[in-house]
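Asker: I am attaching a structure below and will ask some questions about it afterwards.
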Amino acid sequence: MNAIPTISAIAAVACVYLFATAPTPLPEAPERSGSRNAVIPVSKLFDTVNLVNAKTRQIWTSRIVGKGIEAGLKFEEHWLDDGEEAGPLPALFVRLTAENLEKQKSSLALFLGSDKPINKANLFQGEQIAQFAAINEDNKPRYFSMERMGIEVGMYPDFASAPACVSCHNQHEKSAKQDWKLNDVMGATTWTFPSKKVSDSEIHENIGQVYTAIQKSYQTYLDRVRKFSANVKIGKEWPEKANLALPDVDTFMDAILEATAPAVDKKVYLDAASIENRDRR
């Protein structure tokens, strides 16, 4: 199954903050012509793409990183350094996806941040501090405007969902906090968009951009794997203990689409329909 056509069809439907470099700054609002059909709150777009990102991160963490380590693969903070034969930790996979969104010149932007990051460049600032404090109180997402920058923001709690998340942060020499526990809120996944409302076509386009960015992130990893000294089988198999294998791009994306497409379809079309029916009243 070819992943690109599948993504187009869908569009037409954890762990750590070990960034090697600073996250992409919040973008300036691009010029937009607007749309008479832009009636859907941007929070619906944020909810949908955050679901896609969260499911992808879950698959990456459990089926690639966790099982890959059992099979003999490595995943490191400095995975892109010369001579390293490793892949990105879960948060770094998210960062790579964020970079791909930026390269695609998407109006949608993604980054991770924390009030106690390992890299100080990931420290929340300004309005983000107050919003994250509220998230820490009730573990619910926050939607707000940053009017000076002309953007809308959706922030989602990012939990210490695996023991590796906790131990890695607690043991890292640059960690601002070393007593993390499982299920603590370690930071927030943050999305931005330059409009309060979006059209149905904009939702489809931006969801497609996220799937494409994820695919490019995985392709970047496989491109490095093919240069490893170890003979890693790349095909239809997933890594398991004593099975040094990785799924190819199509197989990986099929798993992502299987995990996300039904929920994405439901979110997009039911939300759009409810808004359309409301406006007819």
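The values are calculated or read from the model by the stated rules, or taken from the named source; none is laboratory data. All figures in this text were calculated on a predicted structure; none of them were measured in a lab. We place every Cβ from the backbone using ideal geometry, glycine too, and count neighbours over all the protein chains shown. Each accessible area value is taken on the protein alone, full model and side chains, heavy atoms only, with ligands, DNA and RNA left out. Shrake-Rupley method; radii C 1.70, N 1.55, O 1.52, S 1.80 Å.
Asker: With the crude spin-label approximation of a point 7 Å out along Cα→Cβ, what separation in nm comes out for residue 133 versus residue 76?
Answerer: Computed distance between label sites residue 133 and residue 76 equals 4.0 nm.
Asker: Mind checking which aspartates and glutamates have their Cα closer than 18 Å to the Cα of residue 44? Skip sequence neighbours fewer than 8 apart in that chain.
Answerer: Counting by Cα, and skipping residues close in sequence, residue 44 has these aspartates and glutamates nearby: 152, 200, 202, 205, 265, 271, 276, 279.
Asker: Next up: Any chance you could look up the accessible area of residue 249 with a 1.4 Å probe, heavy atoms only, rounded to 10 Å²?
Answerer: 20
Asker: Shifting gears a bit: Output needed: percent of Cα pairs per 5 Å distance bin for segment 53-207, bins running from 0 to the one holding the longest distance.
Answerer: 2, 8, 15, 20, 21, 15, 10, 6, 2, 0
Asker: Write down the Kirkwood hydrodynamic radius of segment 127-251, to one decimal in angstroms, obtained as one divided by the mean of 1/r over all alpha carbon pairs.
Answerer: Averaging 1/r across every pair of different Cα atoms and inverting gives 18.2 Å.
Asker: Sticking with this structure for a sec: Short version: ³J(HN,Hα) in whole Hz for each residue of segment 123-139, in order, from phi by Karplus 6.51 cos²θ - 1.76 cosθ + 1.60 (θ = phi - 60°), x for Gly and Pro, what are they?
Answerer: 6, 4, 9, x, 4, 4, 4, 5, 5, 5, 4, 5, 4, 5, 6, 10, 6
Asker: Estimate the FRET efficiency between residue 219 and residue 123 by the formula 1/(1 + (r/R0)^6), using the beta-carbon distance for r and 30 Å for R0, to the nearest 0.05.
Answerer: Working: r = 31 Å, r/R0 = 1.03.
It comes to 0.45.
Asker: What accessible area, in Å² to the nearest ten, does a 1.4 Å probe give for residue 258?
Answerer: Per-residue accessible area (residue 258): approximately 150 Å².
Asker: Also, I was wondering about something else. Accessible area, 1.4 Å probe, largest first: how do 44, 140 sort?
Answerer: Numbers: 44 70, 140 120 Å².
Largest accessible area first, the list is 140, 44.
Asker: Skipping prolines and chain starts, which residues have an amide H placed within reach, meaning under 5 Å, of the one on residue 234, given they are 5 or more residues away or on another chain?
Answerer: Distant-sequence amide H within range of residue 234: 246.
Asker: Pulled fully out, how much extra length does the chain show between residue 241 and residue 226, if you take 0.36 nm times their separation in residues and subtract their Cα-Cα distance?
Answerer: Working: separation 15, 0.36 × 15 = 5.40 nm, distance 1.99 nm.
Using 0.36 nm per residue and subtracting the Cα-Cα distance, I get 3.4 nm.
Asker: Amide H to amide H under 5 Å from residue 240: which residues, 5+ apart in sequence or cross-chain, H placed 1.01 Å off N in plane?
Answerer: Placed amide hydrogens put 245 under 5 Å from residue 240.
Asker: Something else now. Whole Å is fine, so just give me how far the alpha carbon centre of segment 137-151 lies from that of segment 43-72.
Answerer: Using only Cα atoms, the two centres lie 23 Å from each other.
Asker: For residue 236, list the lysines whose Cα falls under 17 Å from its own Cα; do not include residues on the same chain fewer than 8 positions away.
Answerer: Within the straight-line cut-off, residue 236 pairs with 67.
Asker: Starting from the Cα of residue 116, draw a straight line to each of the lysines and keep only those under 21 Å, dropping any in the same chain fewer than 8 residues away.
Answerer: Answer for residue 116, where 21 Å is the Cα cut-off: 140, 174, 177, 181, listed by chain and number.
Asker: Shape of segment 86-158 from its Cα gyration tensor (a ≥ b ≥ c, root eigenvalues): rounded if a/c is under 1.5, otherwise prolate when a/b > b/c, or oblate?
Answerer: Oblate shape, in that a/c is at least 1.5 and b/c is the bigger or equal ratio.
Asker: Using a 10 Å cut-off on Cβ atoms, rank the peptides 172-180, 205-213, 121-129 from the highest mean neighbour count down.
Answerer: Ranking the peptides 172-180, 205-213, 121-129 by packing returns 205-213, 121-129, 172-180.
Asker: If you don't mind, there's one more thing I want to ask. Determine ³J(HN,Hα), in whole Hz, for all residues of segment 90-95 in sequence, where each value follows from phi through the Karplus function 6.51 cos²θ - 1.76 cosθ + 1.60 and θ = phi - 60°; x replaces Gly and Pro.
Answerer: x, 5, 6, 5, 4, 4
Asker: Apply the Karplus parameterisation 6.51 cos²θ - 1.76 cosθ + 1.60, with θ equal to phi minus 60°, to every residue of segment 209-225 and state each ³J(HN,Hα) to the nearest whole Hz, in sequence, with x for glycine and proline.
Answerer: 4, 5, 4, 5, 5, 5, 4, 5, 4, 5, 4, 4, 5, 4, 4, 6, 4
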